[in-house]
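J.: Dumping the structure here so I can ask a few things about it.
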Amino acid sequence: MRKTSVFKKGMMLALFLFLSVSFVALSQEVKVTGTVTDPAGGPLPGVNIIVQGTTTGTITNVDGVYSIEVPADASLVFNFIGFQSEIIPVEGRQTIDVVLQEELMSLDEVVVVGYGTQRQEAVTGSVASMRGDELSEVPSSNVSEALQGRVAGVQMSRTSTKPGSEMQIRIRGTRSLNASNDPLVVLDGIPFAGSIGDINPNDIKSIDILKDASSTAIYGSRGANGVILITTEKGQKGQTATVNYHGYYGVKSLFAEYPMMDGPDFVALRQAAGQFTNTVDEFDDVNTNWQDLFYSSAMVTSHDLSVSGGADKASYNFGVGYYKDEAVIPGQNYERISFRGTLDQEIGDYVRVGFTSNNNYSVSNGNNMGLYGVLSMSPIADPFNEDGTTKRTVNMPLDEQWVYTEDVVNDLGDAWIDQDKAFGSYNTLFAEVGIPGIEGLKYRANLGLNFRTKNEGEYTGEGVFSSNPTTESTAMVANSLTTNWAIENLLTYDRTFNGKHNLNVVALYSAEETRYNRSHMSAKDIPSDKFQFYNLGHAQGEKTINPDNQDYSVSGLMSWMGRVMYSFQSKYMLMATFRSDASSRLAEGKKWHSYPAVSAGWNISEESFMDNVDFVNRLKLRVGYGQTSNQAVDPYKTLGRLNMRPYNFGSEYATGMYVSELPNDELGWEFSETWNYGIDFSLLRHRLSGSFEYYVQNTKDLLLSVNMPGTSGVGSYMANVGETRNKGFEVSLNGVIIDDRNGWTWEAGINLYSNNNELVALSSGREIDESNWWFVGHPINVIYDYERIGLWQEDDPYLDILEPGGNAGMIKVKYDGEYNEDGTPVRRIGSDDRQIIEVDPNFQGGFNTRVAYKNFDFTAIGAFQNGGTLISTLYSANGYLNMLSGRRGNVDVDYWTPQNTGARYPKPGGLTSGDNPKYGNTLGYFNASYLKVRAMTLGYNFDRDGWLDRTGLNNLRVYFTVQNPFVLFSPYYDESGMDPETNSYADENVAVTDQMQERLLTIGTNTPSTRNFLFGINLTF
């Protein structure tokens, strides 16, 4: 018995010692190292590795390698955007290599929502996101070009084809009549005070676009027209130093020449019109292509070099970029040099500090060089003298025109310059402090310091561009400076309770101030071309400092904001925001405005009753309501305005002041209310995903310049009157059609949206503001003109009544008057017959597709729109290039003759209004539909095995891109062969600038569109 007892005690002691040793071994920490790769074996840098249940973690370096000390019984959680998470027990191991599997069309990506981030599955507002690598699929000079056609509900319209130009951005339509409709741009957390063209697209890591009021309300009045959040590239903690280079070089060719008549066609036109005969410089057997003599070869190139890395508690990224774009117009180009840097440093356990700095210097040349002087030249005029030299001018029947050729412009030297130089520096500094003892609570201060200066100068020497060789030289200089500071104080509480309740609370106080001043001076008769615009004090002629061209303003904004985001088990989400803004631009007692926003989401796919619905991976419903406001009018509008007018007082010259704009001490906020409804889904193991949204937005108390009657002696005053409405839908679909089948992958996406804009009310109950082309019940942007319905024919009745003195072959327009009992019209056609013609498209959108086979990939990206009206001043009367008289160069058109009665264009030499065919502007209205492939790219990614590894390169990619390869389904392209996208505002690049509202976009005689062929290389080492 005793032996048995001793044996039992010995066994118990041994078991105790064994368990104790095991427990101690498991409780000890081990150093775990390994490599994280993708399914193809490529390293994944920046993978987050966390010890499950703790905040302890690390990330992989550029080679996918990590190292971390953990308890031997811990589990490691591996997370990386676009890949499925992995949880792996350590079990005492010292080496753990992990292969992460891609999560197709993942909805777990983190998106920026303003003063914070959310998983995409938890977003309750309308937010669209794009990664930087997606933007780079369309090489471009600025963000707006790269975004065109990529995001539902975001309309990018081209305002110019000059190098370096920006696009007009409208998020869910046009709201305001006089206030700005441009969205707010936020760069690295601070509202951006510069031009969007100042941001290098290659520095961008991601773009998140907030579209509805529940999302934008957190930015208050600045977010009234939507918000574009831009996050730039940053380093990663623990990352070894990595150098990246992205560059391309391309040649540019004309997309199409402007379709002007050649010599034989122009001779026939002049004979048909019977109004003019040849001058001493014109000959029927001459056929001069003036565009061919004028256009030059052009190129575009971009180079970006950056270095990024980090230590255990720090990360950095510094980069420099160079971009140059040449036009096919001689002397016209754009250059930009950019420099950026970021630094993020942890100090101890609770403090983080850092900065981001974006700087750029740009030079634009030759932007005042237009094409009208080239296109209006007679194609039967000989540009050369008998000795082969170029003539200075060419005579046409009623015009003497300076001769524009590439050689002539290039030989001008100092006799012509048009140059804009701009420098911008946009800087954000931050400090963040975690509050000890309160998990998830932290305070952060953001300070934005921004500076932008622009210097403009123009000089045109004596007789240059003029038919008169003694025309005085002219020069102009303008300088502007913008400074802006912004301070934001943020208190954030972010905590998850019991693994179910996630709560994020943000409180903010912010203030900002912007100062702007501009000076402008012009002079005549500069004594030497060498002076150009650099010292106008030497001018021997008139010097002008026009008060209307000088400006100075100071404006400020102060804000309080609170937001709460709550999520329960990732099923039910709620977000509520309340913000108050005070604007210095508005009247006393009206400066403050407060507005709420709330949104909710339901992830139906997380419910238990969806467990057996295998084909649905994600299904979420969203609804949101919010108010936003707009104070984007010029400062001092509450004070009225005095203008100056010179006059003779007896024998003295005097200057008087008069009231041109009345003050308004009741001027307040313009505000909008928006309802947004959305559904997000992901099906078939995330191979098909998308969203559908419907919204209604009502904007009231419009900031509108109200015209006064002439008898008042005052032109206008700014007031809160009128109402607009925007409503529409948006659809986005993305799919993986083939997923790595024998090396093949095929992905595709499409977005489609429609916005219905309506002017609901004007001031004082008026239905019509004819001078501004605003009509209640119609969109803001319309044409108010006659509607062409064809051409009058010989046997058409009522020509003598409707168009007294008219002729067969003239333009026939719609008649809205009454008729007599016998069916005859009661009057002639007049101004009452003008129609309201809508210009907005029925719907629009974009598409993209990517096909890959092993290391090769092919990408195509395009945009489309249906319906609407395109205005081409090339064909209209105000362009003075379709006079159909033979006076000067004419666009190539199919015109009416007795033998060609089915033509679209009127009889040459017929009834005119001024110098053009009567109702000639109607000839410039086209169906605006088109489908345009914007870019096609073929690329190759080299394997890291073999020679690439030996060179020290981590990644190498080469590609070839064709931009603007072709256009389909465009009536305008079918007529002209030209790019159907707009290139001007209505008061630009046109002979007569006051016949249309300047807010409308047109195709004018701007720099021609090009088709570009680019070769690029991306490498990392």
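The values are calculated or read from the model by the stated rules, or taken from the named source; none is laboratory data. The shown structure was predicted, so the numbers you read here are calculated from the model rather than taken from an experiment. Here Cβ is always computed from backbone atoms with ideal geometry, including for glycine, and neighbour counts include all displayed protein chains.
J.: Taking the conditions exactly as written (within 24 Å of TYR115 (Cβ to Cβ), in contact (Cβ under 8 Å) with a residue 60 or more places away in the chain and over 27 Å from the mean Cα position of the chain (by Cα)), does PHE430 satisfy them or not?
T.: So PHE430 passes the test.
J.: Here's a follow-up. Could you please tell me which pairs satisfy a Cβ distance under 6 Å, a separation of 6+ or placement on different chains, a first residue in segment 940-957 that is loosely packed, with under 15 Cβ neighbours inside 10 Å, and a second residue that is modelled with pLDDT of 85 or more and among the β-branched types (Val, Ile, Thr)?
T.: These pairs meet every condition: TYR940/VAL958.
J.: Can you name every residue in segment 722-770 that is part of a loop (DSSP other than H, G, I, E, B) and out of contact with any Ser or Thr (no Cβ under 8 Å at 6 or more places or on another chain)?
T.: ASN742, GLY743, LEU762, ARG766, GLU767 - these are the residues of segment 722-770 that are part of a loop (DSSP other than H, G, I, E, B) and out of contact with any Ser or Thr (no Cβ under 8 Å at 6 or more places or on another chain).
J.: Does segment 715-732 contain any residue that is under 28 Å from the mean Cα position of the chain (by Cα), under 21 Å from ASN617 (Cα atoms) and either surrounded by fewer than 19 Cβ atoms within 10 Å (Cβ to Cβ) or hydroxyl-bearing (Ser, Thr, Tyr) (or both)?
T.: yes
J.: Sticking with this structure for a sec: Out of curiosity, is ALA654 part of a strand (DSSP E or B) and modelled with pLDDT of 90 or more?
T.: no
J.: Could you say which residue among GLY125, GLY114, GLY197 is under 25 Å from THR1010 (Cβ atoms), touching a residue at least 24 places away in the same chain (Cβ under 8 Å) and not in a strand (DSSP E or B)?
T.: Among GLY125, GLY114, GLY197, only GLY197 is under 25 Å from THR1010 (Cβ atoms), touching a residue at least 24 places away in the same chain (Cβ under 8 Å) and not in a strand (DSSP E or B).
J.: Hey, among SER605, SER594, which residue is in a strand (DSSP E or B), of a type in the set (Gly, Ala, Ser) and not assigned by TED's automatic domain parsing to the domain that holds PRO183?
T.: SER594
J.: Just one of the numbered conditions (1) out of contact with any Ser or Thr (no Cβ under 6 Å at 6 or more places or on another chain); (2) touching a residue at least 40 places away in the same chain (Cβ under 8 Å) is not true of SER672; which one?
T.: Single failed check for SER672: (1).
J.: Considering each residue of segment 286-314, count those that are polar (S, T, N, Q) and assigned to a strand (DSSP E or B), and give that number.
T.: Residues meeting the conditions: 4.
J.: Sticking with this structure for a sec: Which one of the conditions (1) in contact with a His (Cβ under 9 Å, 6 or more places away or on another chain); (2) of a type outside the set (A, V, I, L, M); (3) outside the structural domain of SER176 (by TED's automatic domain parsing) does GLY238 fail to meet, given that it meets all the rest?
T.: Of (1) in contact with a His (Cβ under 9 Å, 6 or more places away or on another chain); (2) of a type outside the set (A, V, I, L, M); (3) outside the structural domain of SER176 (by TED's automatic domain parsing), only one is false for GLY238: (1).
J.: So, LYS543, is that one closer than 30 Å to GLY463 by Cα and either touching a strand residue (DSSP E or B) at 6+ places or on another chain (Cβ under 9 Å) or surrounded by 13 or more Cβ atoms within 10 Å (Cβ to Cβ) (or both) or not?
T.: yes
J.: How many residues are outside any strand (DSSP E or B) and touching a strand residue (DSSP E or B) at 6+ places or on another chain (Cβ under 7 Å) when one looks only at segment 499-514?
T.: Total meeting the criteria: 1.
J.: Restricting to segment 657-675, name every residue that is assigned to a strand (DSSP E or B) and within 18 Å of GLY713 (Cβ to Cβ).
T.: If the condition is that a residue be assigned to a strand (DSSP E or B) and within 18 Å of GLY713 (Cβ to Cβ), then MET657, TYR658, VAL659, SER660, GLU661, LEU662 are the ones that fit.
J.: Regarding GLY164, is this residue among the small types (Gly, Ala, Ser), touching a Phe, Trp or Tyr at 6+ places or on another chain (Cβ under 9 Å) and either modelled with pLDDT of 85 or more or assigned to a helix (DSSP H, G or I) (or both)?
T.: Yes.
J.: Could you tell me whether segment 803-824 includes any residue that is at pLDDT 95 or above, within 39 Å of the chain's Cα centre (by Cα), in a strand (DSSP E or B) and among the charged types (D, E, K, R)?
T.: No - not one qualifying residue is present in segment 803-824.
J.: Are any residues in segment 764-775 of a type in the set (A, V, I, L, M, F, W, C) and in contact with a Gly (Cβ under 9 Å, 6 or more places away or on another chain), and if so, which ones?
T.: Matches in segment 764-775: TRP774 only.
J.: Can you name the residue in segment 671-682 that is modelled with pLDDT of 90 or more and surrounded by 18 or more Cβ atoms within 10 Å (Cβ to Cβ) and is also nearest to ILE768 (Cα to Cα) among such residues?
T.: In this case the residue turns out to be SER672.
J.: For the condition crowded, with 22+ Cβ neighbours inside 10 Å, over 30 Å from TRP592 (Cα atoms) and not assigned by TED's automatic domain parsing to the domain that holds LEU177, what is the one hit in ARG645, ARG622?
T.: None of the others qualify; the one that does is ARG622.
J.: Please go through segment 696-718 and give me each residue that is among the hydrophobic types (A, V, I, L, M, F, W, C) and either in a helix (DSSP H, G or I) or out of contact with any Asp or Glu (no Cβ under 8 Å at 6 or more places or on another chain) (or both), ordered by number.
T.: Those that are among the hydrophobic types (A, V, I, L, M, F, W, C) and either in a helix (DSSP H, G or I) or out of contact with any Asp or Glu (no Cβ under 8 Å at 6 or more places or on another chain) (or both): VAL696, LEU704, VAL706, MET708.
J.: So, in segment 842-878, how many residues would count as being part of a strand (DSSP E or B) and not aromatic (Phe, Trp, Tyr)?
T.: 20
J.: When the residues of segment 625-642 are filtered to those that are within 24 Å of GLY220 (Cβ to Cβ) and charged (D, E, K, R), which remaining residue is surrounded by the most Cβ atoms within 10 Å (Cβ to Cβ)?
T.: Taking the candidates together, the pick is LYS637.
J.: Which of the residues belonging to segment 151-200 are of a type in the set (Ser, Thr, Tyr) and either out of contact with any strand residue (DSSP E or B) (no Cβ under 8 Å at 6 or more places or on another chain) or farther than 26 Å from PRO779 by Cα (or both)?
T.: The answer is THR161, SER165, SER195.
J.: Next question, about the same structure. When VAL554 is evaluated against the numbered criteria (1) surrounded by 14 or more Cβ atoms within 10 Å (Cβ to Cβ); (2) at pLDDT 95 or above, which criterion, by number, is the only one it fails?
T.: (1)
J.: Among the candidates GLU838, GLU818, GLU803, GLU794, single out the residue that is surrounded by 18 or more Cβ atoms within 10 Å (Cβ to Cβ) and over 30 Å from PHE960 (Cα atoms).
T.: None of the other options fit; the residue is GLU803.
J.: Which condition number does SER567 fail, the rest of (1) surrounded by fewer than 16 Cβ atoms within 10 Å (Cβ to Cβ); (2) farther than 24 Å from ASN720 by Cα; (3) in contact with a Gly (Cβ under 9 Å, 6 or more places away or on another chain); (4) of a type in the set (Gly, Ala, Ser) being met?
T.: With respect to (1) surrounded by fewer than 16 Cβ atoms within 10 Å (Cβ to Cβ); (2) farther than 24 Å from ASN720 by Cα; (3) in contact with a Gly (Cβ under 9 Å, 6 or more places away or on another chain); (4) of a type in the set (Gly, Ala, Ser), SER567 is out only on (1).
J.: If you don't mind, another one. Within segment 238-280, which residues are closer than 23 Å to ASN1018 by Cα and either at pLDDT 95 or above or not polar (S, T, N, Q) (or both)?
T.: Correct list: ALA241, VAL243, TYR245, HIS246, GLY247, TYR248, TYR249, GLY250, VAL251, LYS252.
J.: I would also like to ask the following. Let me confirm something: among VAL967, VAL962, which residue is surrounded by 21 or more Cβ atoms within 10 Å (Cβ to Cβ) and modelled with pLDDT of 95 or more?
T.: Just one listed residue meets the conditions, VAL967.
J.: Any chance segment 270-282 includes a residue that's buried (at least 16 other Cβ atoms within 10 Å of the Cβ), aromatic (Phe, Trp, Tyr) and outside any loop (DSSP other than H, G, I, E, B)?
T.: Scanning segment 270-282, I find no residue that is buried (at least 16 other Cβ atoms within 10 Å of the Cβ), aromatic (Phe, Trp, Tyr) and outside any loop (DSSP other than H, G, I, E, B), so the answer is no.
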